[in-house]
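Peer 1: Pasting in a structure now, in structure tokens, and then I'll have a few things to ask.
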Amino acid sequence: MHVSAATDFLTSSAALCAAVLNLRGEPLSSELGRIARDLLASPHGSFAAPGQAADGAVPQLACEVASGAHCFGRLVVSGRAAYDDTDRRLLAGLADLAASVLQVNDFALRSTQAYLDLEAELSHQAQILDQIHESVLTMDQTGYITSWNKGAERLFGYSAQEAVGRNILFLYAEEDTAFHDAFVEQGGRMMEVRRRKKSGEVFWASLSLSPLHDREQRPIGLIAYLTDITERKHAEERLHHLAYYDALTGLPNRSLMAKLVDQGLTSAQRKNATACILFIDLNRFKMFNDTLGRATGDELLKQVAQRFRQVLREQDVVARLSGDEFAVGLFDIREHFEATTVAHKLQAALVEPFIIEGHDLRVGASIGISVYPQDGADAEALLRVADIAMARAKLGGDGDSVTFYSHDMNQGMQERMRLESGLRQALANGELLLHYQPKFEISTRAMVGAEALVRWMHPQRGLVPPAEFIPLAEATGLIVQLGEWVLEAACAQAARWQAAGLPPFRLAVNVSAREFSPALPGRVSETLARYQLDPSWLELEITESTLMHDIERVIAIMDRITALGVSLSLDDFGTGYSSLSYLKRFPIDTLKIDRSFTTGLPFDSNDCAIASTIISIGRQLRHKVIAEGVETQQQLEFLRDAGCDEVQGYLFSRPLPAADFEEQLRAGWVDPG
């Protein structure tokens, strides 16, 4: 036994600790064996892992290196003749120390590895957060930012160094509310917010807030997820604008108008005030739209909308309902008659002509007014009855009238609606027919032509006067279908007379302004070909108002018609505004004096002067002149003396059904004297 055993044990302990800290595997085992050998002055010493045999001679002394249930191995020494209890205690003490140091080292290694694993996981999660497009940031309970991912950097333009530590309010747009509220503090709130970037740009974001807790589940802050939804919001705004605003004028459409009116009525009800709805229909717009084209009509509507905005107050609501119909809502007026003043302002705004593509266009407005609450309690009812009042104003005579709704208007409007529905059915059910009024040459008294006039044989009412349904057809657009039917029926009848061997005469068909389009010549050509009708049988009567605008387009259509061999007549001459400089360019054969100028002949000096002038113009331009509405011998004599070529009227014949007309044609017409 060595005298310095304690000193040797301390030295061995220090060496053991150094070995455990610095060595691993076989080098550690060898060093532990050496330390045991030196401590006990044995020729041999080793450290064997559990289940591993020790190297060297047969062991003389061994001790387990174990801590609790965990065994790290055993220390073995041999080679001495004998080992006493002191040797056993030294080896046991060394084994206990080795077990303790190995256990502590193992725990330290496992802790370090766990920390490294955790650090790697956090780094991995941070990389994931930085790679996702969504912006993720955390903040404490007072709103100060504690973390800021790459998505947030890309979205806001601030780096993490610039953002972390600042209060979240620096990202808010000016109109946003304060940070604290119950929903935000509890988390889980979904909202759409406006936020500000580093550049100053304000954008829309989808924001989701979730609570952030510590290990004891106490709230310590919030996690915010933000996504830029600016494009989506803009798309929604565009869809909203399309749904509630007129694309042409930018005014509210009918849907939005109804909402705004209902809101205004609620306000008026609270204040016990009066409200009015003005229903506006433009006069002469359809004629411009049909003759000059849709592009001109659209520009006219835009300029009308601008003028209406200029004369109305900020609190007044103006909308475009459809076509050339507008509506205005007044919700803060004291007396309903104040709406008349507004209506006259709107009409005055249209007095100055609209200059569009070189055309001087003048439109007026018929306005119907409904009053809340006596005429209706909601937008739908007030708009409906204001529309009825507008229709009555349009029939007022001067075309630019203002009319308040009254309950007796409903009956007339319902009758008009029944008439319109009946006319649509008449076109489909074969209730229409043609009568024919002959035209006579004054000098020879010979029948030289006839005008095809449409009649409606109503199944209940009998023969409906044209004065009732022709204006209705023009107002509703049915005049196009009606005109197509008349052309078809007239050509079919003329073809039958042609096949029967009757001598040809000019059969005149009226063409409305709506029909007078580039498609008309093609339709005429197809109809003639379908019935194999000689073009000399057909004459088209065009009203003078059709020729008011776009002269070159009108002349081009006329030229295509006359190229077919079809004659053209200018109907109602003297009632329109056609320029004489253009009149000489029109390829027409006949001028027709309107009946309004023949009625007063020969006693009204003005009618005499106008009729004589028209006849003189016709002669100068080498056109035939025909006067319609001739009913007396005195009228006939005046026209004959003035040089008129042809006449048409009750003096010679009323319009007759096809069979009666043919019978008279075959028998010869009775000379009226």
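Peer 1: Does Q460 satisfy the condition of being modelled with pLDDT under 95, within 23 Å of P521 (Cα to Cα) and open to solvent by 20 Å² or more (accessible area, probe 1.4 Å)?
Peer 2: The answer is no for Q460.
Peer 1: Note down all Cβ pairs under 8 Å where the first residue falls in region 352-364 and is of a type in the set (V, I, T), the second is in a strand (DSSP E or B), and they're at least six residues apart or on different chains.
Peer 2: As it stands, the answer is I355/L361; V363/L282; V363/N283; V363/F354, since those pairs meet every condition given.
Peer 1: Specify which of the listed residues (S255, S267) is open to solvent by less than 40 Å² (accessible area, probe 1.4 Å), part of a helix (DSSP H, G or I) and polar (S, T, N, Q).
Peer 2: Just a single option satisfies the conditions, and that option is S267.
Peer 1: Ok, one more. Restricting region 57-100 to residues that are in contact with a Leu (Cβ under 8 Å, 6 or more places away or on another chain) and basic (K, R), which is nearest to F9 (Cα to Cα)?
Peer 2: R88
Peer 1: Residues in region 252-259: is at least one closer than 17 Å to M191 by Cα and not acidic (D, E)?
Peer 2: There is no residue in region 252-259 that is closer than 17 Å to M191 by Cα and not acidic (D, E).
Peer 1: Answer yes or no as to whether P438 is open to solvent by 20 Å² or more (accessible area, probe 1.4 Å) and either out of contact with any strand residue (DSSP E or B) (no Cβ under 6 Å at 6 or more places or on another chain) or modelled with pLDDT of 85 or more (or both).
Peer 2: Criteria not met by P438.
Peer 1: Moving on to the next point. Could you check how many residues of region 199-209 are closer than 14 Å to S135 by Cβ and either open to solvent by less than 50 Å² (accessible area, probe 1.4 Å) or of a type in the set (G, A, S) (or both)?
Peer 2: 6
Peer 1: For region 12-112, please list each of the strands (runs of 3 or more DSSP E) lying entirely inside it that holds at least 3 residues being open to solvent by 50 Å² or more (accessible area, probe 1.4 Å), in contact (Cβ under 8 Å) with a residue 40 or more places away in the chain and among the charged types (D, E, K, R).
Peer 2: In region 12-112, there are no strands (runs of 3 or more DSSP E) which contain 3 or more residues that are open to solvent by 50 Å² or more (accessible area, probe 1.4 Å), in contact (Cβ under 8 Å) with a residue 40 or more places away in the chain and among the charged types (D, E, K, R).
Peer 1: Being modelled with pLDDT of 90 or more and touching a Leu at 6+ places or on another chain (Cβ under 7 Å) is the filter here, so list the residues in region 186-202 that pass it.
Peer 2: If the condition is that a residue be modelled with pLDDT of 90 or more and touching a Leu at 6+ places or on another chain (Cβ under 7 Å), then R195, R196 are the ones that fit.
Peer 1: Go through region 368-389 residue by residue and tally those that are touching a residue at least 60 places away in the same chain (Cβ under 8 Å), part of a helix (DSSP H, G or I) and in contact with a Phe, Trp or Tyr (Cβ under 9 Å, 6 or more places away or on another chain).
Peer 2: Residues that pass the stated criteria total 5.
Peer 1: Which members of region 429-474 meet the condition of being within 22 Å of D660 (Cβ to Cβ) and among the hydroxyl-bearing types (S, T, Y)?
Peer 2: Y436
Peer 1: Mind listing whichever residues of region 210-249 are open to solvent by less than 90 Å² (accessible area, probe 1.4 Å), in a loop (DSSP other than H, G, I, E, B) and under 27 Å from A160 (Cβ atoms)?
Peer 2: Result: D214, I229.
Peer 1: Pairs needed: first member in region 309-332, touching a residue at least 12 places away in the same chain (Cβ under 8 Å) and of a type in the set (A, V, I, L, M); second member anywhere, open to solvent by 40 Å² or more (accessible area, probe 1.4 Å) and outside any strand (DSSP E or B); C-beta distance under 7 Å; at least 6 residues apart or different chains.
Peer 2: Qualifying pairs under 7 Å: V311/K345; V317/L260; V318/R309; A319/R254; L321/R254.
Peer 1: Taking the condition in a loop (DSSP other than H, G, I, E, B), aliphatic (A, V, I, L, M) and either modelled with pLDDT of 90 or more or open to solvent by 50 Å² or more (accessible area, probe 1.4 Å) (or both), does L350 pass?
Peer 2: Answer is yes for this residue.
Peer 1: Of everything in region 617-629, what is open to solvent by 10 Å² or more (accessible area, probe 1.4 Å), touching a residue at least 12 places away in the same chain (Cβ under 8 Å) and more than 14 Å from S596 (Cα to Cα)? Give them in sequence order.
Peer 2: Within region 617-629, I617, R619, L621, H623, K624 meet the criteria.
Peer 1: Limited to region 590-610, what total is found for residues that are open to solvent by less than 70 Å² (accessible area, probe 1.4 Å), closer than 14 Å to A627 by Cα and among the charged types (D, E, K, R)?
Peer 2: Going through region 590-610 one residue at a time, the tally reaches 3.
Peer 1: Are any residues in region 317-336 of a type in the set (D, E) and either touching a strand residue (DSSP E or B) at 6+ places or on another chain (Cβ under 6 Å) or closer than 14 Å to V363 by Cα (or both), and if so, which ones?
Peer 2: Matches in region 317-336: D324, E325.
Peer 1: Something else now. Would you check which residues across region 456-514 are more than 37 Å from the chain's Cα centre (by Cα) and either charged (D, E, K, R) or on the phi > 0 side of the Ramachandran plot (or both) and list them?
Peer 2: Of everything in region 456-514, those that are more than 37 Å from the chain's Cα centre (by Cα) and either charged (D, E, K, R) or on the phi > 0 side of the Ramachandran plot (or both) turn out to be R461, G462, E468, E488, R496, G501, R506.
Peer 1: Same structure, new question: Assuming T575 fulfils every condition listed in (1) at pLDDT below 90; (2) farther than 18 Å from G618 by Cβ; (3) of a type outside the set (K, R) apart from one, which condition is it?
Peer 2: The single condition T575 does not satisfy is (2).
Peer 1: Have a look at D262, D290, D316, D324 and point out the one that is under 30 Å from P518 (Cα atoms) and either aromatic (F, W, Y) or at pLDDT 85 or above (or both).
Peer 2: D324
Peer 1: Just to be sure before I move on: is S517 among the small types (G, A, S), crowded, with 18+ Cβ neighbours inside 10 Å and touching an Asp or Glu at 6+ places or on another chain (Cβ under 8 Å) in the structure I sent?
Peer 2: No: the conditions fail for S517.
Peer 1: Then there's this: Which ones in region 293-314 are open to solvent by 10 Å² or more (accessible area, probe 1.4 Å), assigned to a helix (DSSP H, G or I) and touching a helix residue (DSSP H, G or I) at 6+ places or on another chain (Cβ under 8 Å)?
Peer 2: Answer for region 293-314, where residues must be open to solvent by 10 Å² or more (accessible area, probe 1.4 Å), assigned to a helix (DSSP H, G or I) and touching a helix residue (DSSP H, G or I) at 6+ places or on another chain (Cβ under 8 Å): just V311.
Peer 1: So V402 clears everything in (1) under 30 Å from Q374 (Cβ atoms); (2) aliphatic (A, V, I, L, M); (3) at pLDDT 90 or above except one condition, right? Which one?
Peer 2: Of everything listed in (1) under 30 Å from Q374 (Cβ atoms); (2) aliphatic (A, V, I, L, M); (3) at pLDDT 90 or above, V402 misses just condition (3).
Peer 1: Find all pairs meeting these conditions: Cβ atoms under 6 angstrom apart; at least six residues apart or on different chains; first residue within region 499-511 and open to solvent by 20 Å² or more (accessible area, probe 1.4 Å); second residue of a type in the set (D, E, K, R) and part of a strand (DSSP E or B).
Peer 2: R506/E539; N510/E541
Peer 1: Conditions: (1) assigned to a strand (DSSP E or B); (2) free of Cβ contacts under 8 Å to residues at least 60 places away in the same chain. C276 meets all but one. Number of the miss?
Peer 2: Failed condition: (2).
Peer 1: Being touching a residue at least 60 places away in the same chain (Cβ under 8 Å) and either of a type outside the set (K, R) or closer than 14 Å to Y531 by Cβ (or both) is the requirement here; does L478 meet it?
Peer 2: Criteria not met by L478.
Peer 1: Here's a follow-up. If only one of V371, V342, V311, V317 is at negative phi and touching a Lys or Arg at 6+ places or on another chain (Cβ under 8 Å), which one is it?
Peer 2: Within the list V371, V342, V311, V317, the selection yields V311.
The values are calculated or read from the model by the stated rules, or taken from the named source; none is laboratory data. As the structure is a computational prediction, the values presented were derived from the model and not from experiment. Don't worry about glycine lacking a Cβ; one is built from the backbone with ideal geometry, like all the others, and counts go over all protein chains shown. With ligands, DNA and RNA removed, areas are computed over all heavy atoms of the protein, side chains included. Shrake-Rupley method; radii C 1.70, N 1.55, O 1.52, S 1.80 Å.
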